[in-house]
Amino acid sequence: MKAAVLDTPAPITQRPLKIEDVSKPGAKPGYVLLKVRACGVCRTDLHIVEGELPPRLRPVIPGHQIVGDVVDGATDEVPQGTRVGVSWIGGIDGTCWYCRHAMENLCDSPTFTGYTVNGGYAEYALARADFVFPLPAQLDDLHAAPLLCAGIIGFRSLRVADTQKGERVGLFGFGASAHLAIDVLHAWKCDVYVSTRGESHRKLAEELGAKWVGAETDKPPVKLDRAVTFAPSGDVVLAALASLRKGGVVAINAIHLDHMPQFDYDTLLWGERQLRSVANMTRDDARDFLKLAAEIRMKPKVTRFSLDQANEALLAVQQDAIDGAAAILP
Ligand SMILES: [Zn+2]
Ligand SMILES: [Zn+2]
């Protein structure tokens, strides 16, 4: 099968992914073999390809927002031919303290799709049968792909921030994940304030109904109940913290930050403000989000790339060259 393979991480401008013919994964017990229909491109893929996340499997096929058809290993839950999605969490041990306390997103021995096991920048992919999600018919392949990480983890971020219906919520950064979170927030009747770099990102936020839009570290004109930061920047986290009312929460939706600056406790964190990171996702997050996405007919803005253009897709993410999300259709 054809796949985009990473052997040695390098800056994306050096095109580290090689498009190669590799052997198709064989079926094994507990797993389903998927014929890939689409695979979303996530900023985490960029961190893997560029080596900001240390290599865990070499060589590796990245990609953790897979839409595919079950072609082997079918089960009662996912019969042959079922169209399913696969996300970043590809499996857990089920036995560690976190798994036993309903925090499977924090599992001590997780499997990460497209990082510790091969992912979906390929024609076929193997996935644990209990970590695939049947996809509602309302969501087509291209538009379902970015929901599977950008969407689910954005949704989890809103939960981690303890977002309540009708609140004022800030989104700092407006890429793939934020442009899906805004639809969820509108479904919850929240007012959304967006601070982001890039004129076209600001324009998209306005089009999608943000109540106020400003530049990357601009403070919204009102105190926020909740904020989620998407940019991989510590300065942006501080801008979000500075925008909160007392008792408000900032959820950091980033697996990697450039740095975390020193900040003034008395003015920024005191008053029971909270700063929380968002790690991975649970299967309940995935199911709840996909259900809502189908109900509200969520339609992400997606730019389509071919498998041969995998490096170009990641370059576009790195350079903020596209609005919304990117997806590869093999
Ligand atoms: Zn565990
Ligand atoms: Zn991701």
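Could you give me the percent of Cα pairs per 5 Å distance bin for the stretch 219-330, shortest bin first, beginning at zero and ending with the bin that holds the maximum distance?
2, 10, 14, 15, 17, 17, 12, 7, 4, 1, 0
For the pairs 18/301; 165/219; 24/291; 2/291, flag any whose C-alpha to C-alpha distance is greater than 25 Å. Provide the component values of the computation, followed by the final result.
On the way: 18/301 27 Å; 165/219 22 Å; 24/291 32 Å; 2/291 32 Å.
In this structure, 18/301; 24/291; 2/291 lie more than 25 Å apart at Cα.
With θ set to phi - 60° and the Karplus curve 6.51 cos²θ - 1.76 cosθ + 1.60, what are the ³J(HN,Hα) couplings of the stretch 46-59 in order, to the nearest whole Hz, using x for Gly and Pro?
Result, rounded to whole Hz: 5, 4, 6, 5, 8, x, 5, 9, x, x, 10, 8, 9, x.
Send over the semi-axes of the stretch 63-172's equivalent ellipsoid, whole angstrom and largest first, taken as the square roots of 5 times the C-alpha gyration tensor eigenvalues.
Working from the Cα gyration tensor, I get semi-axes of 25, 20, 13 Å.
From largest accessible area down, sort 193, 98; use a 1.4 Å probe on the protein chains.
Numbers: 193 10, 98 75 Å².
Listed by decreasing accessible area, they come as 98, 193.
Calculate what fraction, in whole %, of the accessible area of the stretch 117-260 sits on carbon and sulfur atoms when a 1.4 Å probe is rolled over the protein chains.
Details: 2390 of 5000 Å².
Carbon and sulfur: 48 percent of the exposed surface of the stretch 117-260.
Whole-Hz ³J(HN,Hα) for each residue in the stretch 2-11, computed from phi via Karplus 6.51 cos²θ - 1.76 cosθ + 1.60 with θ = phi - 60°, x for glycine and proline: what do you get?
8, 8, 9, 10, 9, 9, 10, x, 6, x
What is the chain's relative contact order, in percent, from Cα pairs under 8 angstrom and six or more apart in sequence? Numbers along the way, then the final one.
Numbers: 822 pairs, mean separation 64.9, N = 330.
This gives 20 percent for the chain.
Applying the Karplus parametrisation 6.51 cos²θ - 1.76 cosθ + 1.60 with θ = phi - 60° to the phi angles of the stretch 76-82, what ³J(HN,Hα) value in whole Hz is obtained for each residue in order, glycine and proline being reported as x?
Computed from phi, the couplings for the stretch 76-82 are 4, 6, 10, x, 3, x, 4 Hz.
Using Cα-Cα distances under 8 Å and only pairs 6 or more residues apart, what relative contact order does the stretch 187-319 have, in percent? List each step's numbers first, then the result.
Values: 164 pairs, mean separation 21.3, N = 133.
Worked out over the stretch 187-319, it gives 16 percent.
Rg/Rh for the chain: what does it come to with C-alpha atoms and Rh from Kirkwood? Mind dumping the intermediate values first?
On the way: Rg = 19.1 Å, Rh = 19.9 Å.
Result for the chain is an Rg/Rh of 0.96.
Taking 10 °C and 1.306 mPa s as the conditions, I'd like the Stokes-Einstein D for the stretch 34-84 in µm²/s, using the Kirkwood hydrodynamic radius from alpha carbon pairs. Provide the component values of the computation, followed by the final result.
Values: Rh = 12.6 Å.
For the chosen part, D equals 127 µm²/s.
Which percent, to the nearest 5, of DSSP beta bridges fully inside the chain are antiparallel? Mind dumping the intermediate values first?
On the way: 30 of 57 bridges.
Antiparallel bridges: around 55 percent, rounded to the nearest 5.
Under 5 Å between amide hydrogens, which residues at least 5 positions from residue 275 or on another chain qualify, with H placed 1.01 Å from N in the peptide plane?
Excluding prolines and chain starts, which carry no amide H, the hits are 250.
Mind giving me the nanometre distance, one decimal, between the label points for residue 288 and residue 235, set 7 Å out from Cα along Cα→Cβ?
3.5 nm
Kindly report, to the nearest 10 Å², the accessible surface of residue 299 as traced by a 1.4 Å probe over protein heavy atoms only.
It works out to around 140 Å².
Run the simple label-point estimate for residue 200 and residue 219 please: 7 Å along Cα→C-beta, distance reported in nm.
Inter-label distance under the simple model: 3.2 nm.
The values are calculated or read from the model by the stated rules, or taken from the named source; none is laboratory data. Just so it is clear, the structure is predicted and the values come from calculations on it, not from any experiment. Cβ sites come from the backbone with ideal geometry, for glycine too, and all protein chains shown count toward neighbours. Just so you know, the surface numbers come from the protein's heavy atoms only, side chains and all, with ligands and any DNA or RNA stripped out. Shrake-Rupley method; radii C 1.70, N 1.55, O 1.52, S 1.80 Å.
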